[in-house]
Structure formats: structure tokens, C-alpha cells
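Below: the structure, in C-alpha cells.
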Amino acid sequence: VQLQASGGGLVQPGGSLRLSCAASPSIFSVNFMAWYRQAPGNERELVANIGISGHTNYNDAVKGRFTISRDNAKSTVYLQMNALKPEDTAVYYCNTYPPYASGSSWGRGTLVTVSS
């Protein structure tokens, strides 16, 4: 089951964006969820993950600027991104943590471009 991220776009340095990802309840309710990103020429990396009870972990590169959250009633995970930097430019994906749990797979991702 693909997980489709949305909410990306072009934003100036210092700006904010909020990404969303809706999952099927069968996947969402029993798994950690996470946001990943892949910049051009780089491997996909973990941005942040969140447990079923809400415990979070962040990549050091985004700590203090990004906030991951989940709405269990809507089976949706969010990524609030503040103080964006050009190096945050990437395609952002959501998936379970670890990936592929409960039959999940990578969706199309959403492009975030930080540029003046």
C-alpha cells in the first residue's frame, strides 16, 4: 500500500511548510510512522519518526526546526517544517518506521524546494 505525501512546494529560506500523509488505518494504528527525504544525488534519509503513543525522534539536521505529529483518528501523520534552509530541499516521503511494515511501500513523495 503506497503512502502519499502532500503539501510540498517552493518556499524562501526561513519559511515554513506543513506536509501531510494519510495512511490506511490498518497500517497507521499499529506502526511507528516517519518522514524521510531524498535530495538530488543523495540517498534517502530519515527525517523524523513518531511512535503510536507520540514519542518522537529527529535527525540532528532538523532538530528544533521540524515537528512530526500524528492524528490517530484521521490516520494521518504531519511534518511541520519551520526555519527552512536550502539544504532541506528534497523529495519528502512518508512511510512506516522501519519502512515496509504491514505491507507499506514508497509513494510518489512531495517536492520541497527552499530557494530565494
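Here Ala48 meets the list (1) in a strand (DSSP E or B); (2) touching a helix residue (DSSP H, G or I) at 6+ places or on another chain (Cβ under 6 Å); (3) among the hydrophobic types (A, V, I, L, M, F, W, C) almost entirely, failing just condition (2). For the range 101-115, a tally of residues being assigned to a loop (DSSP other than H, G, I, E, B), of a type in the set (Ser, Thr, Tyr) and surrounded by fewer than 19 Cβ atoms within 10 Å (Cβ to Cβ) returns 1. Confirm whether Leu79 is within 16 Å of Asn57 (Cβ to Cβ) and either open to solvent by less than 40 Å² (accessible area, probe 1.4 Å) or at pLDDT below 95 (or both). Answer is yes for this residue. Residues in the range 1-45 that are in contact with a helix residue (DSSP H, G or I) (Cβ under 7 Å, 6 or more places away or on another chain), loosely packed, with under 15 Cβ neighbours inside 10 Å and either among the aliphatic types (A, V, I, L, M) or part of a loop (DSSP other than H, G, I, E, B) (or both): Val1, Pro13, Val30. Pro98 passes every criterion in (1) touching a helix residue (DSSP H, G or I) at 6+ places or on another chain (Cβ under 9 Å); (2) open to solvent by 60 Å² or more (accessible area, probe 1.4 Å) apart from (1).
The values are calculated or read from the model by the stated rules, or taken from the named source; none is laboratory data. Keep in mind the model is a prediction, meaning the values are calculated, not measured. Positions of Cβ are backbone-derived with ideal geometry, glycine not excepted, and every protein chain shown enters the neighbour counts. Side chains are part of the model used for accessible areas, which takes the heavy atoms of the whole protein and leaves out ligands, DNA and RNA. Shrake-Rupley method; radii C 1.70, N 1.55, O 1.52, S 1.80 Å.
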